[in-house]
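I have placed the structure first, in the form of structure tokens, so that the comments after it can refer back to it.
The values are calculated or read from the model by the stated rules, or taken from the named source; none is laboratory data. Quantities reported herein were computed from a predicted structural model and do not represent experimental measurements. Note that each Cβ is placed from the backbone with ideal geometry, even for glycine, and that neighbours are counted across all protein chains shown. These accessible areas exclude ligands, DNA and RNA; they are computed on the full protein's heavy atoms, side chains included. Shrake-Rupley method; radii C 1.70, N 1.55, O 1.52, S 1.80 Å.
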Amino acid sequence: MSTKVLIIGACGQIGTELTAKLRATYGRENVIASDIRKMDSTVVTEGIFEVVNALDYNQIENLIEKYEITDVYLMAALLSATAEKNPAFAWDLNMNSLFHVLNLAKAGKIKKIFWPSSIAVFGPTTPRDNTPQYTIMEPSTVYGISKQSGERWCEYYNKQYGVDVRSIRYPGLISWTTPPGGGTTDYAVDIYYKALSDKKYTCFLSENTALPMMYMDDAIKATISIMQAPAENIKVRSSYNLSAISFTPKEIAESIKKHIPEFAIDYAPDFRQAIADSWPASIDDSVARKDWGWQHDFDMERMTSVMLENLAKK
Ligand SMILES: NC(=O)c1ccc[n+]([C@@H]2O[C@H](COP(=O)([O-])OP(=O)(O)OC[C@H]3O[C@@H](n4cnc5c(N)ncnc54)[C@H](O)[C@@H]3O)[C@@H](O)[C@H]2O)c1
């Protein structure tokens with residue numbers, strides 16, 4: 001049976017680039033993009049697009065039957081900073097959308113699920129440097145609690161019902177095509193926009209706050225390669241640590257100054273500082289590297305060059 005993909009939440013920061021790559025990989029006719037909002041973007045204009053609410057089981061089931069979907073990528077969620085402002089809704093969306101997709105797989109209607117977790121599953125009691133795959137996990141944000149619970153349920157559905165669900169704990173993701181959706185690492189995208197437009201940036205995190213980050217192309221590569229790996233290689237069925245680079249606001253500012261010498265940064269930490277302080281500074285992803293051959297391509301200098309070049313054109 002050939003692969004037919006449904007992406008739920010396709011108009012977001014990750015979904016936009018994931019949709020383009022999946023269309024290039026499997027053919028436009030085999031990739032159905034969906035979102036609760038219909039955006040003026042390539043996701044809608046360059047292939048099949050459907051409006052769907054991730055909280056509506058019947059709508060998802062209908063799409064799966066209509067297009068004979070095999071693989072679902074569930075990208076709809078409320079992100080860390082937004083979730084803190086609306087905890088009950090974040091819990092509802094992040095958990096029930098996952099249950100719908102897990103239950104559709106349990107019922108044999110789809111073959112494979114990709115569901116993203118996050119470094120937010122870790123908390124203030126987790127070792128901060130080189131955080132291991134298996135460690136203390138006491139998340140202190142609504143978002144982190146929903147992701148950690150989601151991981152437990154993914155593993156449970158795999159062990160109890162044989163559901164083929166695969167997951168990655170994304171770090172902060174940096175990209176130039178679609179703006180980020182309300183996360184604590186959004187500063188690392190905004191800073192490039194402001195460096196080009198204003199030559200200065202006020203950062204909502206303090207200068208020495210190190211966080212794990214990744215350029216979007218690497219995240220998309222990881223997502224598609226974990227889904228294409230043989231099932232027996234995917235030994236972790238909660239979620240894999242994934243890592244590329246780790247840097248502070250001060251360090252990213254230095255890398256921008258190599259291209260824009262007059263660029264200036266100052267710092268005005270807000271509520272997102274406490275979220276960042278509860279997360280790891282760097283991640284040990286050796287298990288993903290061993291199990292399914294993960295490796296990253298982008299370091300900070302390469303990412304800064306690509307971001308500034310593309311945003312300047314944009
Ligand atoms: N971007 C990051 O840095 C990052 C890091 C770690 C984990 N993640 C995870 O990756 C996933 C995608 O993140 P993103 O950055 O693309 O988020 P985003 O906010 O940019 O996009 C989410 C998309 O989901 C859609 N959506 C929201 N509610 C919906 C609903 N009820 N039905 C259908 N669609 C709905 C939104 O319209 C949006 O287009 C999320 O699970 C997020 O937690 C992201």
From the residues in the range 50-84 that are open to solvent by 40 Å² or more (accessible area, probe 1.4 Å) and of a type in the set (A, V, I, L, M), which one is farthest from ARG166 (Cα to Cα)?
VAL51
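Which of the residues belonging to the range 159-175 are surrounded by fewer than 21 Cβ atoms within 10 Å (Cβ to Cβ) and either outside the structural domain of ASN96 (by TED's automatic domain parsing) or touching a residue at least 60 places away in the same chain (Cβ under 8 Å) (or both)? Quick ask: steps written out before the conclusion?
So the first thing to find is which residues in the range 159-175 are surrounded by fewer than 21 Cβ atoms within 10 Å (Cβ to Cβ), and the list is 159-162, 164.
Matches in the range 159-175: LYS159, ASP164.
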Mind checking which residues of the range 270-305 are closer than 16 Å to ILE220 by Cα and aliphatic (A, V, I, L, M)?
ALA288, MET303
Would you mind telling me which numbered condition in (1) touching a residue at least 24 places away in the same chain (Cβ under 8 Å); (2) over 21 Å from the mean Cα position of the chain (by Cα) THR141 fails?
(2)
Residue count, the range 33-62 (criterion: closer than 21 Å to LYS109 by Cβ, of a type outside the set (S, T, N, Q), without any contact (Cβ under 8 Å) to a residue 40 or more places away in the chain and away from the ligand (no atom under 13 Å from the Cβ)):
1
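Any residue at all in the range 70-77 that's more than 14 Å from the ligand (Cβ to nearest atom) and under 22 Å from the mean Cα position of the chain (by Cα)? Quick ask: steps written out before the conclusion?
Initial filter on the range 70-77 (more than 14 Å from the ligand (Cβ to nearest atom)): 70-71.
With the extra rule that they be under 22 Å from the mean Cα position of the chain (by Cα), the set shrinks to 70-71.
Yes: the range 70-77 contains one or more residues that are more than 14 Å from the ligand (Cβ to nearest atom) and under 22 Å from the mean Cα position of the chain (by Cα).
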Residue within the range 133-140 that is aliphatic (A, V, I, L, M), assigned by TED's automatic domain parsing to the domain that holds TRP279 and surrounded by fewer than 20 Cβ atoms within 10 Å (Cβ to Cβ) present
no
Which residue is least open to solvent (accessible area, probe 1.4 Å), if the candidates are limited to the range 85-117 and must be more than 13 Å from the ligand (Cβ to nearest atom) and charged (D, E, K, R)?
LYS112
